[in-house]
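A.B. asks: The structure under discussion is supplied below as structure tokens; questions concerning it will follow.
The values are calculated or read from the model by the stated rules, or taken from the named source; none is laboratory data. Please read these numbers as outputs of a predicted model, since none were measured by experiment. All Cβ positions, glycine included, derive from the backbone under ideal geometry; neighbour counts span all protein chains shown. Heads up: the accessible areas ignore ligands, DNA and RNA and are worked out on the full protein's heavy atoms, side chains in. Shrake-Rupley method; radii C 1.70, N 1.55, O 1.52, S 1.80 Å.
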Amino acid sequence: MLKGVLLSMTLLATCTFGSPTRAAAAEYQQNKTMLQNLSTEEALPLDTPLLFRGYDYNNQFLGYLGLTSSKDWDGHAWDYLYMDDYRPLYLEDAGNNKVYMRSGKPNCSRHNYVVISSRGYLYLGGKEYAEAFITYEQSDPIFPQQKRYRFFDRHYRPIGIYGKYITAGLGTTPATWKIIKQP
């Protein structure tokens, strides 16, 4: 019986103090502190077709931000942000150092703004549901004269990669993005 009680207490302590949600909450609070008094040196390129190149925090190239389509049970096609071939994305000013992202070539013209699902996946939806992303600018580690950007949602969760999908929240590998203007 004593072994059962000790095992239960160990499991409770592990779940309470070592839980990934508690660690994630601490990370998001740290991001919030970092981003509260943020001002960027340069303006982001707005209303211009852009190429997003993703890198992990170890400076490994992950691929290009693109779109992939998936159909749900009633046949509706959803466009998810995905590490894939290039598709043009645009940034639109949302005020207070925040931007909306929108697609230049969505499957449905009414669903061209980036939205975050309840599970953390980024997909295209209507502007009324669009996420205003907080941007953080930093120097490229290899070419310091160039910039890389990190994006965070309203809960200060970093935008990154889960498998090949672009996500926010638990399980997301944070990424930096090199933004390149397209002609």
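A.B. asks: Using only Cα atoms, what is the ratio of the radius of gyration of region 92-167 to 2.2 N^0.38 Å?
C.D. replies: Values: Rg = 13.5 Å, N = 76, 2.2 N^0.38 = 11.4 Å.
Normalised by 2.2 N^0.38 Å, the Cα Rg of region 92-167 equals 1.18.
A.B. asks: Which FRET efficiency, nearest 0.05, do Ile180 and Arg119 yield, Cβ-Cβ r, R0 30 Å? Don't skip to the answer; put the middle values down first.
C.D. replies: Working: r = 30 Å, r/R0 = 0.99.
E(calc), rounded to 0.05, equals 0.50.
A.B. asks: How much FRET efficiency would the formula 1/(1 + (r/R0)^6) give for Asp93 and His155, where r is the Cβ-Cβ distance and R0 is 25 Å, rounded to 0.05?
C.D. replies: On the way: r = 21 Å, r/R0 = 0.84.
Efficiency, rounded to the nearest 0.05: 0.75.
A.B. asks: Another question, then. Let's see if you can work this out: charge +1 on each Lys and Arg Cβ, -1 on each Asp and Glu Cβ, no other charges. What is the dipole magnitude of region 49-180 about its Cα centre, in debye to the nearest 20? Don't jump to the answer; show the numbers that get you there.
C.D. replies: Numbers: 16 positive and 13 negative charges, 24 e Å.
The calculation lands at about 120 debye.
A.B. asks: Pull out the extension gain between Leu170 and Gln145, defined as 0.36 nm times the separation in residues minus the alpha carbon to alpha carbon distance; nm, one decimal. Write down the numbers at each step before the final one.
C.D. replies: On the way: separation 25, 0.36 × 25 = 9.00 nm, distance 3.24 nm.
Residue separation times 0.36 nm, minus the Cα-Cα distance, leaves 5.8 nm.
A.B. asks: Once neighbouring chains are kept in place and the probe is 1.4 Å, which whole percent of the accessible area of region 92-158 is contributed by carbon and sulfur?
C.D. replies: Working: 1500 of 3510 Å².
About 43 percent, which is the carbon plus sulfur part of the accessible surface.
A.B. asks: Beyond a 18 Å Cα-Cα separation, which of these cross-linked pairs lie in this structure: Lys98/Lys127; Lys127/Lys181; Lys147/Lys178; Lys105/Lys147?
C.D. replies: Numbers: Lys98/Lys127 15 Å; Lys127/Lys181 23 Å; Lys147/Lys178 7 Å; Lys105/Lys147 26 Å.
With Cα atoms farther than 18 Å apart: Lys127/Lys181; Lys105/Lys147.
A.B. asks: Provide the gained length on full extension for the span Leu46 to Asn59, in nm with one decimal, where the gain is 0.36 nm per separating residue minus the Cα-Cα distance. If you can, show how the numbers build up before the last one.
C.D. replies: Details: separation 13, 0.36 × 13 = 4.68 nm, distance 2.54 nm.
Extra length available between Leu46 and Asn59 comes to 2.1 nm.
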